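Engineer: Before I ask anything, here is the structure I am working with.
Quick note: the coordinates plus some simple rules give every number you see, no bench work behind them. Since this is a predicted model, take the numbers as computed values, not measurements. Every residue, glycine among them, receives a Cβ derived from its backbone with ideal geometry; neighbour counts consider all protein chains shown.
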Amino acid sequence: MKVGIIMGSKSDLPVMQEAIDILKGFDIPVDVDIVSAHRTPEKMFDYGKNAHKNGIAVIIAGAGGAAHLPGMIASLSPLPVIGVPVKSSNSIDGWDSVLSILQMPGGVPVATVALNGAKNAGILAAQIIGTSDACVLDKIVTYKEGLKLKVIESAKGL
């Protein structure tokens, strides 16, 4: 099972790289592409309709500005879609992206993470895969235990 990571433009890659990195850390293969809802709508339709046929289990879609990509992909695909609102040069402090991804109509859900929250999108995708892959689930349990240990260690120095 792999995770599809798509974004509206290459300028989104620095944010989306966090999802790529966390998933690679869990040994989950990723398929990364640029799919613009506005500039390459035919590619977007093809991606959304065929991702599940191409071995993708979860889609993470990052977009800034009007941020239509996650919702449009969710309208086309039977797979779970996680939206990452990206604070871009043409956004209104990121709020337009957050609201565009968050406010989906009934029947077309997009799980939405925080502004520039690609790391959490990667973790959520891994958790979804972990529901049916014991090896991935074990890695998530270990990762979360590591988070706990970091907090305990940092408290010792107070």
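Engineer: Would you confirm whether or not the range 110-119 contains a residue that is in a helix (DSSP H, G or I) and within 16 Å of Ile22 (Cβ to Cβ)?
Structural biologist: Scanning the range 110-119 turns up at least one residue that is in a helix (DSSP H, G or I) and within 16 Å of Ile22 (Cβ to Cβ).
Engineer: Kindly indicate whether any position in the range 29-39 is crowded, with 16+ Cβ neighbours inside 10 Å, closer than 19 Å to Thr131 by Cβ and in contact (Cβ under 8 Å) with a residue 40 or more places away in the chain.
Structural biologist: There is no residue in the range 29-39 that is crowded, with 16+ Cβ neighbours inside 10 Å, closer than 19 Å to Thr131 by Cβ and in contact (Cβ under 8 Å) with a residue 40 or more places away in the chain.
Engineer: When the range 120-158 is examined, which residues are found to be part of a helix (DSSP H, G or I) and among the polar types (S, T, N, Q)?
Structural biologist: Asn120, Gln127, Thr142, Ser154
Engineer: Here is a follow-up. Can you tell me which residue in the range 103-113 is farthest from the chain's Cα centre (by Cα), limited to those that are closer than 17 Å to Val58 by Cα and among the aliphatic types (A, V, I, L, M)?
Structural biologist: Val108
Engineer: I've got another one for you. I need the full set of residues from the range 72-102 which are more than 13 Å from the chain's Cα centre (by Cα) and either within 26 Å of Glu42 (Cβ to Cβ) or of a type in the set (Ser, Thr, Tyr) (or both), in order please.
Structural biologist: Residues satisfying the conditions are Met72, Ser75, Leu76, Ser77, Pro78, Ser88, Ser89, Asn90, Ser91, Asp96, Ser97, Ser100.
Engineer: If you go through the range 1-25 one residue at a time, how many are buried (at least 22 other Cβ atoms within 10 Å of the Cβ) and of a type outside the set (A, V, I, L, M)?
Structural biologist: Matching residues across the range 1-25 total 3.
Engineer: Tally time: how many residues in the range 30-80 are of a type in the set (Asp, Glu) and within 24 Å of Ala126 (Cβ to Cβ)?
Structural biologist: 2
Engineer: If you go through the range 145-158 one residue at a time, do you hit one that is of a type in the set (Ser, Thr, Tyr), within 22 Å of Asp21 (Cα to Cα) and either in contact with a helix residue (DSSP H, G or I) (Cβ under 8 Å, 6 or more places away or on another chain) or without any contact (Cβ under 8 Å) to a residue 40 or more places away in the chain (or both)?
Structural biologist: no
Engineer: Given (1) in a strand (DSSP E or B); (2) closer than 25 Å to Leu147 by Cα, where does Pro14 come up short, assuming only one miss?
Structural biologist: (1)
Engineer: Scan the range 35-57 residue by residue and report those that are touching a Lys or Arg at 6+ places or on another chain (Cβ under 6 Å) and at negative phi.
Structural biologist: Answer for the range 35-57, where residues must be touching a Lys or Arg at 6+ places or on another chain (Cβ under 6 Å) and at negative phi: Val35, Ile56.
Engineer: Please name all residue pairs, on different chains or six or more residues apart, with Cβ atoms under 8 Å, provided the first residue is in the range 55-84 and is over 14 Å from Pro105 (Cβ atoms) and touching a residue at least 40 places away in the same chain (Cβ under 8 Å) and the second residue is of a type in the set (Phe, Trp, Tyr) and not in a loop (DSSP other than H, G, I, E, B).
Structural biologist: Ile73/Tyr47
Engineer: Okay, next question. Could you list, in sequence order, all residues of the range 56-98 that are assigned to a helix (DSSP H, G or I) and surrounded by 21 or more Cβ atoms within 10 Å (Cβ to Cβ)?
Structural biologist: Answer for the range 56-98, where residues must be assigned to a helix (DSSP H, G or I) and surrounded by 21 or more Cβ atoms within 10 Å (Cβ to Cβ): Leu69, Pro70, Gly71, Met72, Ile73, Ala74, Ser97, Val98.
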